[in-house]
Amino acid sequence: MFQVLSSAWALLLGMMLLQVGNGMQGTLLGVRGALEGFSTYEMSVVMSAYFLGFLFGSRMAPEMIRRVGHVRVFAALGSMISAVLILYPTIAEPWAWALGRVLIGFCFSGVYVTAESWLNNSATNETRGKALSLYMIVQMVGIVSAQGMLVLADPSGYVLFVIPSVLVSVAFAPILLSVSPTPAFDRTKPLSLRQIMNISPLGCVGMLLTGGVFAAQFGMAAVYGAEAGLSVGQISAFVASFYVAAMLAQYPLGWLSDRMDRRRLIAGVSLVTATGAVLGMLSGDSFVLLLTAAFLVGGTSNPLYSLLIAYTNDFLQHDDMAAAAGGMVFINGLGAIAGPLMVGWMMGVMGPEGYFLYIAVLMAALVAYALYRMTQRAAPAPAQTESYMPVSPSASPMAVEFAQEIAIEAAQDAEEIAKSDES
């Protein structure tokens, strides 16, 4: 662990500050939008725009990096993020915010691709798993920390928009001034969506549905809080609960996934998510019940992303695992784009309760489909399954490929140990 920190501390620190800025702007826009009188559906378009930009960015960033290099892409995209954050309060119009969110989503995706390729380059075979785990932890810490900063100033003013802009600008200093060498960039040619669907129908359907649920958390949780009449402090605690739970539950669920039929775990975890959403619908004026609901939903739905990737890997050859990463992220991105739009429509029809009903419906559908898939083919024995690696739903395809490489290395090590035991 100390070896990873010594070689990648600048990158990890910079990414944590970036996540503070990213997590802060998402929640802040939800609160400020209500103060500006934006409708729920207008805010859903604004929130969906981020994921549209992110999806395009993950596709275009590799070519940008090949053309001008990591450092220039990193610096240019960071400057653009900082500028857009300052512009939000000066043009308080839904169309302007939606355009800004597309641009910020694009830029963050490119920044993640760049940073994750740097991290992969700085890690060795022995430290790669720890490096990815630390990367995911600092991302979650950044998002959670961002929620606490919303109470530092009035959301109707400019200060709260200046803070994330400054943090994003500062975040690039330790990274760009570090002595880490610029990595060679090489992306794996992805499998087609049809190929991935044929290999793992449950993995594809699950990624689409969990993309919609993650977008509801990352994009619409603050909008829900404003519609439900929560204070700024309560909205901060509500949003933070999703990510604190995700951080705590990731490794226990990963341990379970390597020891049982993953379809059963997917169904069980999805059922807990749906139950938590129902609890949120029934929470009424009880803020404690609302936080409990958020904790259950966040702690189970976020690890589903890694669980579905691990399940899909069980049916892939090692050479195809990295190739499947781009397709899985793309499917998840489609769900994330549609998620806020659907939540916004349901909240517009039903009120705040539509937020949790949306999550409950999607996760109930995943439970039903997982149970159906259990009748279609036998599960591989736990000893024959691929290793689980934690990956955040907000990660770029580069991080997923990074996790796939770790899983491949772990599987190859296990095979070598098994062969040596037999001999």
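The values are calculated or read from the model by the stated rules, or taken from the named source; none is laboratory data. Bear in mind the structure is a predicted one, so any value in this text is a computation, not a measurement. Every residue, glycine among them, receives a Cβ derived from its backbone with ideal geometry; neighbour counts consider all protein chains shown.
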Task: Neighbours by Cβ (under 9 Å, 6+ apart or cross-chain): first from the range 283-294, closer than 14 Å to E353 by Cα and small (G, A, S); second modelled with pLDDT under 95 and part of a loop (DSSP other than H, G, I, E, B) - done: A293/L282; A293/S283
TODO: Please find, among T275, T292, T312, T300, the residue that is surrounded by 24 or more Cβ atoms within 10 Å (Cβ to Cβ), of a type in the set (S, T, Y) and more than 23 Å from L193 (Cα to Cα).
DONE: T300
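Here is a list: R72, R66, R32. Which entry is without any contact (Cβ under 8 Å) to a residue 12 or more places away in the chain, of a type outside the set (G, A, S), in a helix (DSSP H, G or I) and more than 23 Å from P393 (Cα to Cα)?
Exactly one residue qualifies, and that residue is R72.
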Open item on the list: For the range 35-59, give me each residue that is assigned to a helix (DSSP H, G or I) and not hydrophobic (A, V, I, L, M, F, W, C).
Closed with: T40, Y41, E42, S44, S48, Y50, G53, G57, S58, R59
- [ ] Tell me which of these M64 doesn't satisfy, since it passes every other one: (1) surrounded by fewer than 24 Cβ atoms within 10 Å (Cβ to Cβ); (2) at pLDDT 90 or above; (3) within 17 Å of S109 (Cβ to Cβ).
- [x] (2)
Open item on the list: Going through M347, M363 one at a time, which residue ends up being modelled with pLDDT of 80 or more and closer than 24 Å to E42 by Cα?
Closed with: M347
Task: T188 vs. criteria assigned to a loop (DSSP other than H, G, I, E, B), closer than 25 Å to G53 by Cβ and either at pLDDT below 85 or in contact with a Cys (Cβ under 7 Å, 6 or more places away or on another chain) (or both) - done: yes
TODO: With the condition kept exactly as written, say whether any residue in the range 242-263 is β-branched (V, I, T), crowded, with 24+ Cβ neighbours inside 10 Å and within 20 Å of the chain's Cα centre (by Cα).
DONE: no
